[in-house]
Every structure is written in C-alpha cells, then in structure tokens.
Amino acid sequence: MVPDDIILETKNLTKEFKGFTAVQNVNLRVQRGNIHALIGPNGAGKTTCFNLLTRFLAPSKGQILFNTQDITNVPSAGIARRGIIRSFQISAVFPHLTVLQNVRIALQRTLGTSFHFWKSERTLSQLDARALQLLGEVDLERFADTMTVDLPYGRKRALEIATTLAMEPELMLLDEPTQGMGHEDVHRVTELIKKVSAGRTILMVEHNMAVVSGICDRITVLQRGAVLAEGSYSEVSANAQVMEAYMGSTTAVLEGGH
C-alpha cells in the first residue's frame with residue numbers, strides 16, 4: 001500500500017541497451033510537495049531515468065506508479081496529460097517569438113488548441129492575463145515583449161520554467177536546470193525553483209551541489225544505473241560511498257555544500 005503522500009514510485013525500474021544496463025532496479029519514491037534531486041556522476045543513468053518516467057524510452061522491466069496508478073505503458077502524451085511535465089537540458093523555447101507568445105502557446109496546449117496557429121491574435125489575447133501572471137512568477141514580466149532569441153541564457157531557462165508551469169504540472173521534471181550558467185544565473189534560477197515549488201512537486205536532475213544542498217528535501221544518488229544512496233543532503237554528503245563515487249575533485253564540492 002502506497003501512502004497518499006507518495007506522488008511517484010518506481011519498482012525495480014530497469015533499462016537495458018544490447019547488453020548494457022543503463023538503469024538497474026531503481027526503486028524511487030517521490031513525496032508530494034518535495035523537491036527531490038537525482039544526482040550522480042556522468043553516465044550514472046539520471047537522464048535515462050527521466051526518459052523512462054516520461055515514456056521517451058520504454059523500460060526493459062519494472063513499474064512506474066503515479067498517484068498509485070500504473071503508468072508504465074502510458075504513451076508520453078498521456079503522461080503529460082496526467083500532469084507529469086518535463087523541461088529539457090537544452091532550452092526548448094521558440095526563439096523568434098516573444099516571451100509572452102511562448103507562454104501563450106503553452107497555455108493553448110492546455111485548451112486543446114495548440115496547433116491553431118491561424119487563430120487571430122484577438123482570440124488568443126484572452127490568454128494574456130494568465131501568461132503575464134506566469135511571467136510574474138518567474139520574474140520575466142518586463143521581458144514580455146522581448147524576442148526570446150535576445151534573452152540572456154539564464155532568463156531563457158526561466159521562460160522554460162514558465163512554459164512548464166503553463167501546463168499546470170502536478171509533478172515537474174527539471175533536467176539540469178542550471179547547466180551552463182554563470183554564478184549569478186545559477187543563484188537566480190535556484191531561487192526561482194524554490195519559489196515555484198510552493199504547492200508543487202519537483203523531481204530534478206542536477207550536477208551543481210550548491211543548488212542541491214540549498215533547495216532539495218531529498219536526494220537519490222545513482223551510480224552505474226543503480227541507487228547508491230538516498231536521504232537528506234547532510235546524510236548523502238556524509239556517505240563514504242557517495243564520496244568515492246564522486247572521486248576526489250567533486251567530493252570537495254559535496255563537502256562544500258553552500
């Protein structure tokens with residue numbers, strides 16, 4: 001029996017590619033309302049896990065439960081409709097539309113009119129108030145009329161979070177949200193994730209330990225596709241096996257915390 005506070009659970013989740021096991025018997029439990037991080041060295045299976053959860057890949061074996069319902073064989077569009085929405089490592093926004101138009105397109109998807117690009121501006125303007133509200137959540141209101149291509153990188157990631165929020169996710173999957181950012185952008189996006197997590201559940205893949213230590217309630221460490229450790233940041237960072245997995249240079253980052 002799964003407690004009500006577990007929003008997502010995997011049971012022995014496994015993915016094999018022609019003799020290579022990328023994800024091996026992963027048992028993950030994400031608590032409702034938490035920010036939960038998947039961390040681990042390169043090649044640990046983190047992104048493969050995300051691809052299994054969103055059905056971009058089919059598991060070789062195992063089970064995925066969302067709100068106690070088995071979604072293992074639900075296609076990716078059906079998983080999104082159930083409320084699991086993913087943002088990607090590479091910024092996935094329309095560069096030659098304005099910031100407001102990007103959010104409006106995401107809102108259209110929730111209305112079921114996502115491909116009605118021929119609709120007049122007037123009929124779409126009804127979505128502007130909600131789009132501006134979402135831009136407010138991610139501190140982008142003043143960029144509403146900016147062409148997305150002209151946004152700084154960190155602001156593009158903030159826009160991507162706004163478009164993810166427009167889909168009204170029950171569970172947000174964030175794949176490396178601070179990858180490739182300078183210190184100032186990392187801080188801004190970290191604060192943003194903390195802000196938008198209110199009343200939501202977030203599962204994130206993240207390399208930056210300062211980000212993880214600052215905002216995550218629970219951390220699962222993967223190594224070679226298997227769960228190596230799980231717990232709070234203080235528990236995980238004190239784990240000798242985790243230190244060894246991260247090899248010297250990164251252990252300093254783990255110990256460094258904030």
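The values are calculated or read from the model by the stated rules, or taken from the named source; none is laboratory data. What you see is a predicted model; the values in this text were computed from it and never measured. Cβ sites come from the backbone with ideal geometry, for glycine too, and all protein chains shown count toward neighbours.
Residues of region 167-197 being aliphatic (A, V, I, L, M), within 21 Å of L132 (Cα to Cα) and modelled with pLDDT under 90, which ones? Within region 167-197, M167 is the sole residue that qualifies. Annotation: E168 fulfils all but one of (1) under 14 Å from the mean Cα position of the chain (by Cα); (2) surrounded by fewer than 16 Cβ atoms within 10 Å (Cβ to Cβ); (3) farther than 26 Å from R81 by Cβ; the unmet one is (3).
Considered as a group, the residues in region 2-25 that are closer than 25 Å to I35 by Cβ and in a loop (DSSP other than H, G, I, E, B) include one that is modelled with the highest pLDDT, and that residue is D5. E160 falls short on exactly one of the conditions (1) acidic (D, E); (2) modelled with pLDDT of 90 or more; (3) closer than 27 Å to L52 by Cβ; (4) not in a helix (DSSP H, G or I), and that condition is (4).
If you scan region 56-84, which residues turn out to be under 21 Å from R200 (Cα atoms) and among the aliphatic types (A, V, I, L, M)? The answer is I64, L65, I71, A77, I79, A80, I84.
Take I7 and decide whether it is closer than 21 Å to S197 by Cα, of a type in the set (V, I, T), under 18 Å from the mean Cα position of the chain (by Cα) and in the same structural domain as A198 (by TED's automatic domain parsing). Criteria met by I7. Annotation: of all residues in region 192-216 being out of contact with any strand residue (DSSP E or B) (no Cβ under 8 Å at 6 or more places or on another chain) and of a type in the set (S, T, N, Q), the one that is farthest from D4 (Cα to Cα) is N208. Among the residues making up region 176-196, those that are acidic (D, E) and more than 11 Å from H207 (Cβ to Cβ) are E184, D185, E191.
For the structure I just gave you, tell me whether K61 is out of contact with any Cys (no Cβ under 8 Å at 6 or more places or on another chain), surrounded by fewer than 22 Cβ atoms within 10 Å (Cβ to Cβ), among the basic types (K, R) and free of Cβ contacts under 8 Å to residues at least 12 places away in the same chain.
Details: out of contact with any Cys (no Cβ under 8 Å at 6 or more places or on another chain): yes; surrounded by fewer than 22 Cβ atoms within 10 Å (Cβ to Cβ): yes; among the basic types (K, R): yes; free of Cβ contacts under 8 Å to residues at least 12 places away in the same chain: no.
No: the conditions fail for K61.
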